[in-house]
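The values are calculated or read from the model by the stated rules, or taken from the named source; none is laboratory data. Since the structure is predicted, the reported quantities are computational estimates derived from the model, not experimental observations. Virtual Cβ from ideal backbone geometry, glycine too; neighbours counted across all protein chains shown.
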Amino acid sequence: MSSSSIETQNKSSMNDDDFNSIKSLQESYSQIKEELSRIIIGQENAIEKIFICMLSQGHALLMGVPGLAKTLLVNSISKSTSLSFSRIQFTPDLMPSDVTGTEILQNRTDGEDREFKFIKGPIFTNVLLADEINRTPPKTQSALLEAMQEKRVTVAGTNHILQKPFFVLATQNPIEQEGTYPLPEAQLDRFMFLVRMEYPSREEELSIARRTTIGEPPVLSKVISTKKLKEYQSIVEKIPVPDHVFELAVDLVRRTRPTSDDSPTWIKESVQWGAGPRAIQFLIRGAKARALLYGNFITTTEDLEAVAEAVLDHRIITNFHARSEGISNVEVIRRLIEEARKQDR
């Protein structure tokens, strides 16, 4: 069956409410980009990746040198929605209870005795900005692990459910190593995307110089409500995925593993550790969300390839040989995608 006939078949299986939601999603995304452009100049790729994460119920790690508006971007995205927002500035003296919350002993309302009461931390929000997450020790970093995966925190043996939706958007400075604590692989794997923010172009920096030095920044309008975002997330889950897209996701991930029989020789020579099964899940979810943003009613290989770098970048560990040759994770991923394309021809 051709791709066009498959798309027609999937379209016919969708109801009018689904079509209206998809149209509304695309309009909302355009409005959000328009709102953000009033404050954020450039960084279209980062905006798209963060929005895909939100639609896919994932978390994102933003990597970039100081001054690229990482914090401003996350703050602005939260202001363009009705989602609640909290920001944590991670520092070496930050404790896990400063993130999750703590129990305090206080007098009961009847005045007869005292009792413990749980005081919620800043993690109880919809959008959590974990600013400079690598500046706090692993003990505090690990406070996010359960929250990111299970959408809950456990304090003194009691489970506390987080608000839905819940997103962690963390920032990290790649050039400062002194006084930092690299994120453990188990926590990196919880992030759906690693979004690398690059320097803006000359034209964009001219716009930054002209538009950001003339007074207070504009107030952003709220475009998406919490209810609407949940509706969009449910639509993403309904988007069909052809078998060949599933197979591409599995093959890409398996070929990143040097111990796998499916991996090429150059991977065995350059990669120390490859991606796990969670990468396959994020590849599919991200591809489905991107398909909707671009007006597709079925997931394509182009959608999967477009999110592959962000999903796999922080899940591949190159060895000394690759690092000495200047081979980056991104180059490894792009070569794997190119080889997969040649095999399909």
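Observations on the structure shown:
- Flag if K227 is farther than 28 Å from I316 by Cβ, within 21 Å of the chain's Cα centre (by Cα) and part of a loop (DSSP other than H, G, I, E, B): no
- Failed item in (1) in contact (Cβ under 8 Å) with a residue 40 or more places away in the chain; (2) crowded, with 17+ Cβ neighbours inside 10 Å, with S263 passing the rest: (1)
- Yes/no for V245 being assigned to a helix (DSSP H, G or I), touching a residue at least 40 places away in the same chain (Cβ under 8 Å) and under 30 Å from R335 (Cβ atoms): yes
- Any hit, segment 187-197, residues being part of a loop (DSSP other than H, G, I, E, B), assigned by TED's automatic domain parsing to the domain that holds K79 and loosely packed, with under 13 Cβ neighbours inside 10 Å: no
- Residues of segment 151-172 satisfying the condition of being in a loop (DSSP other than H, G, I, E, B) and surrounded by fewer than 17 Cβ atoms within 10 Å (Cβ to Cβ): K151, A156, G157, Q163, K164
- Among the residues of segment 128-146, those identified as surrounded by fewer than 23 Cβ atoms within 10 Å (Cβ to Cβ) and either under 22 Å from F51 (Cβ atoms) or of a type in the set (K, R) (or both) are D131, R135, K139.
- Output for segment 263-295, where each listed residue is part of a loop (DSSP other than H, G, I, E, B), in contact with a helix residue (DSSP H, G or I) (Cβ under 7 Å, 6 or more places away or on another chain) and under 16 Å from I22 (Cβ atoms): G295
Conditions (1) in contact with a Ser or Thr (Cβ under 9 Å, 6 or more places away or on another chain); (2) without any contact (Cβ under 8 Å) to a residue 12 or more places away in the chain; (3) buried (at least 22 other Cβ atoms within 10 Å of the Cβ); (4) farther than 19 Å from F246 by Cα, marked per residue:
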{"position": "R290", "(1), (2), (3), (4)": "yes, no, yes, no"}
{"position": "G295", "(1), (2), (3), (4)": "no, no, no, yes"}
{"position": "I298", "(1), (2), (3), (4)": "yes, no, no, no"}
{"position": "E305", "(1), (2), (3), (4)": "no, no, no, no"}
{"position": "A322", "(1), (2), (3), (4)": "yes, no, no, yes"}
{"position": "I333", "(1), (2), (3), (4)": "yes, no, yes, no"}
{"position": "E339", "(1), (2), (3), (4)": "no, no, no, no"}
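- Leading residue by the ranking (modelled with the highest pLDDT) among those in segment 102-135 that are outside any strand (DSSP E or B) and among the small types (G, A, S): G121
- Considering only residues in segment 14-67 that are over 17 Å from K222 (Cα atoms) and touching a Pro at 6+ places or on another chain (Cβ under 6 Å), the one that is modelled with the lowest pLDDT turns out to be G42.
- Flag if R278 is charged (D, E, K, R), within 25 Å of L336 (Cα to Cα) and buried (at least 17 other Cβ atoms within 10 Å of the Cβ): no
- Residue match in segment 318-339 (condition: within 16 Å of L248 (Cβ to Cβ), touching a Lys or Arg at 6+ places or on another chain (Cβ under 9 Å) and in a helix (DSSP H, G or I)): yes
- Condition met for P200 (within 24 Å of S78 (Cα to Cα) and either assigned to a loop (DSSP other than H, G, I, E, B) or not assigned by TED's automatic domain parsing to the domain that holds A60 (or both)): yes
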